[in-house]
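Derivation of every value follows stated rules applied to the coordinates shown; laboratory data play no part. Please read these numbers as outputs of a predicted model, since none were measured by experiment. All Cβ positions, glycine included, derive from the backbone under ideal geometry; neighbour counts span all protein chains shown.
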Amino acid sequence: MKFLIGRKQNMAQIFDEKGRVTGVTIVKQEPLKVTQIKTLEKDGYVATQVGFGVQKESRVNKPQRTKGLFKGFKEIKEVSELENFQVGDTVEVSGTSKGKGFQGVVKRHGFHGGRRSHGQKHSEREPGSIGGAGRAGGRVAKGMRMAGRMGGDRITVKNLKVIAIEGDDLYLSGAVPGRRGTLLEIRGTKHETRN
């Protein structure tokens, strides 16, 4: 499986030879280092362990330091195999979405709010009834859509195309989760189509 770690840089537009424009996200590849190769005989499965980022030794827990598992990396991931991406590959991108703090039901769940007429004074963006005694037995039913913390979730966007590769920069079609500097995992999908 093709795999890399990158940081979201910014969005841009790319024009092809026919003059058609494509919105792209520029992702800068993080240097990966192979830290361990798992084998079927020793570990029971085949995988490649890669590390990236720099971590202080003081921030690693004692068992990892004493067993020699600490190798100076911030995070370590396992992948089945490593290959390079090429233009035209189809990928899926996972990352943490932008945190938006505490939001009401209109922004968080797309509620329409109350009418703007007939004596509505302060209830334009209120959630309305939440059930009551009849439907839920005098309690708030589980899964009720209400105001609360929004964003900061792990999001996976599928079926993005690699439009161009320039040095360490990967140009992916469309938008990916997070703000500038967000750490992204980019994986090649099994059915890749090339132009």
- Per the Kirkwood formula over distinct C-alpha pairs, the hydrodynamic radius of the chain in angstrom is 20.7 Å
- Along the chain, longest interval not containing exposed GluC sites (Glu not before Pro), exposed being DSSP loop plus at most 16 other Cβ atoms within 10 Å: 125-191
- Please identify, among Gly104, Gly113, Gly174, the residue showing maximal mean-square fluctuation in a Gaussian network model of the chain using a 10 angstrom Cα cutoff. Gly113
- Of the cross-linked pairs Lys28/Lys77; Lys38/Lys98; Lys33/Lys56; Lys8/Lys158, which ones have a Cα-Cα span greater than 28 Å in the structure shown? Lys38/Lys98
- Item | Relative frequency of Cα-Cα separations exceeding 24 Å in segment 1-107, percent | 49 percent
- Message: Springs between alpha-carbon pairs under 10 angstrom, Gaussian network model over the chain: which of Gln86, Gln36, Gln64 fluctuates most?
- Response: Gln64
- Message: Given the options Ser129, Gln55, Ile165, identify the residue whose Cα lies farthest towards the positive end of the charge dipole of segment 45-168 (+1 on Cβ of Lys, Arg; -1 on Cβ of Asp, Glu).
- Response: Ser129
- Note on the structure: Fewest to most Cβ atoms within 10 Å: Val87, Val50, Val105 sort as Val87, Val105, Val50
- Task: Compute the whole-percent fraction of alpha carbon pairs in segment 102-195 spaced more than 22 Å apart.
- Result: 57 percent
- Gaussian network model of the chain, Cα within-10 Å springs - most flexible of Thr35, Thr90, Thr25: Thr35
- Query: Mind listing the Cα extents of segment 105-148 along all three principal axes, in Å, largest one first?
  - Reply: 32, 22, 12
